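Enquirer: Mind having a look at this structure? Questions to follow.
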Amino acid sequence: MSDKFFVDNVLSGRVAFVTGGGTGITGGVAGALAESGAAVALVSRKLEHLEPAAEAIRARGGEAMAVAADVRNIEEVEKAIAATTERFGKIDLVVNGAAGNFLCPAEELSSNGFGTVVDIDLKGTFNVCRAAFNELKRNRGQILNISATLHYVGTPLQLHVSAAKAGVDALTRHLAVEWGRYGIRVNAIAPGPIEDTEGMSRLVPLEVKEKLRRNIPLGRFGRIKDIEQAAIFLCSDAASFINGAILVVDGGQWLSSGRMLGG
Ligand code: HXC
């Protein structure tokens, strides 16, 4: 949450349910939604991550609550949805940002390791969309999924995440078609390498980082703010005819990933 780029209160009166909402990219998105006028429920497994984020939003004059739920567990998700509607009266915006990730070669990846990431990223996204459906239908709401570009090419050590995010893209397009009739818009953002995240510092080794940066046509890594701006746009009425889109926000990185370095 930082410099404002959008009309004040562009999301005023909206209620957002944001998973993974305490930290990283979705932490930023949650803060930006609040700064744009939405009341925000921050949802993840760990309340200790969520409470400070919710408090930071409130300290800036926004409305926020923290709700603990594991997106893999449909009963916990349903309870979190109920707690949010009880507190804020409705839900008309869902952001699916909860994600698991670690680096692992495919030949060493266990079935449970693969399944754990698919369960968090893909099944978790389904669970939240499914549990929020009645609210979204009632309010002609929207879903914004946080995807990735890893699966557009073959990304070593990321088979599990790529498979999960490919599923998130499929889910985005299918729900856009099935739920468009209810006025529900379903879109995704596919971030490229975002510099100021825990994922980037933990998952991308230093020696790879500079090569990666040099291959980004815009010559820099993304920042959380870049994703925040895309998210506010897609959630606002400025995007009212955008449905089923997967907006790549990566400075052109994946398109140039086969390019000779320095070219
Ligand atoms: C191999 C691993 C592993 C590792 C876990 N597993 N970490 N396998 N290498 N480093 C395996 C375990 O061995 C186990 O399988 C299975 O995964 C489940 O592990 P648990 O620890 O029991 O599960 P859980 O506590 O539920 O969570 C595991 C986790 C989580 C999903 C890995 O700790 C996690 O992801 N934390 C990081 C969250 C995060 O950073 N999110 C942001 C993602 S950024 P076995 O077979 O042993 O039982 C992002 C952007 C993508 O997604 C782009 C990046 C460039």
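The numbers here are math on the coordinates, done by the rules we state, and not lab data. Just so you know, these numbers come straight off a predicted model, no measurement behind them. A quick note on method: Cβ atoms are made from the backbone with ideal geometry, for glycine too, and the neighbour counts reach across all protein chains shown.
Enquirer: Output ³J(HN,Hα) for region 135-147: one whole-Hz value per residue in order, computed from phi by the Karplus curve 6.51 cos²θ - 1.76 cosθ + 1.60 with θ = phi - 60°, and x for Gly and Pro.
Expert: 5, 5, 5, 4, 10, 6, x, 9, 10, 10, 9, 9, 9
Enquirer: List, in order, the whole-Hz ³J(HN,Hα) value for each residue of region 55-69 obtained from phi through the Karplus relation with A = 6.51, B = -1.76, C = 1.60 and θ = phi - 60°; use x for Gly and Pro.
Expert: Using θ = phi - 60°, the values come out as 5, 4, 5, 5, 5, 8, x, x, 10, 8, 9, 10, 10, 7, 6 Hz.
Enquirer: Give me the extension gain from ASN112 to VAL204: residue separation times 0.36 nm, minus the current Cα-Cα distance, reported in nm with one decimal.
Expert: Numbers: separation 92, 0.36 × 92 = 33.12 nm, distance 2.30 nm.
Value of the extension gain: 30.8 nm.
Enquirer: Give the long-range amide H neighbours of VAL94: residues separated by 5 or more places, or on another chain, with amide H under 5 Å away, using H modelled in the peptide plane at 1.01 Å from N.
Expert: Correct list: PHE17, GLN142, ILE143, LEU144.
Enquirer: Give the long-range amide H neighbours of ALA64: residues separated by 5 or more places, or on another chain, with amide H under 5 Å away, using H modelled in the peptide plane at 1.01 Å from N.
Expert: Answer set, sorted by chain and number: VAL40.
Enquirer: Please check which bits of region 194-210 a label hung off LYS225 would reach, taking the label as a point 7 Å along Cα-to-C-beta and the cut-off as backbone N under 15 Å.
Expert: Within reach of a label on LYS225: 195-197.
Enquirer: How large is the dipole of the chain about the Cα centre if only Lys and Arg carry +1 and Asp and Glu carry -1, each at its Cβ, rounded to the nearest 20 debye? It would help to have the intermediate numbers written out before the result.
Expert: Working: 28 positive and 29 negative charges, 109 e Å.
Result for the chain is approximately 520 debye, rounded to the nearest 20.
Enquirer: Per DSSP H run of at least 4 residues, take -39500 (n - 2.57); add these up for the chain, divide by its residues and hand me the 222 nm value, nearest 500 deg cm²/dmol. Numbers along the way, then the final one.
Expert: Working: 9 runs with 112 residues, N = 263.
Helices in the chain give a 222 nm mean residue ellipticity of -13500 deg cm²/dmol.
Enquirer: Using 0.36 nm per residue, how much length does the chain from ARG214 to ILE246 gain when fully extended, once their Cα-Cα distance is taken away? Please list the in-between numbers first.
Expert: Working: separation 32, 0.36 × 32 = 11.52 nm, distance 2.47 nm.
Full extension of this stretch gives 9.0 nm more.
Enquirer: LYS123: which aspartates and glutamates have alpha carbons under 15 Å from its alpha carbon, excluding same-chain residues fewer than 8 sequence positions away?
Expert: Once the sequence-local aspartates and glutamates are set aside, what remains near LYS123 is ASP70, GLU75, GLU76, GLU78, ASP169.
Enquirer: Taking the dipole about the Cα centre of the chain, with the C-beta of Lys and Arg at +1 and of Asp and Glu at -1, give me whichever of LEU159, SER36, ALA69 is farthest to the positive side.
Expert: SER36
Enquirer: Could you work out how far apart the two model spin labels at LEU47 and PHE102 are, taking each label as a point 7 Å from the Cα in the direction of the beta carbon, and quote it in nm?
Expert: Label at LEU47, label at PHE102, 2.7 nm between them.
Enquirer: Which is the longest stretch in the chain that no exposed loop site breaks, taking sites as chymotrypsin sites (Phe, Trp or Tyr not before Pro) with a DSSP loop state and at most 13 other Cβ atoms within 10 Å?
Expert: Values: sites that count: PHE5, PHE241.
So the longest stretch without any such site is 6-240.
Enquirer: Residue by residue, what Karplus-based ³J(HN,Hα) values in Hz, rounded to whole numbers, does region 234-241 have, using 6.51, -1.76 and 1.60 with θ = phi - 60° and x for Gly and Pro?
Expert: Whole-Hz 3J(HN,Hα) from phi for region 234-241: 5, 7, 8, 5, 4, 10, 5, 10.
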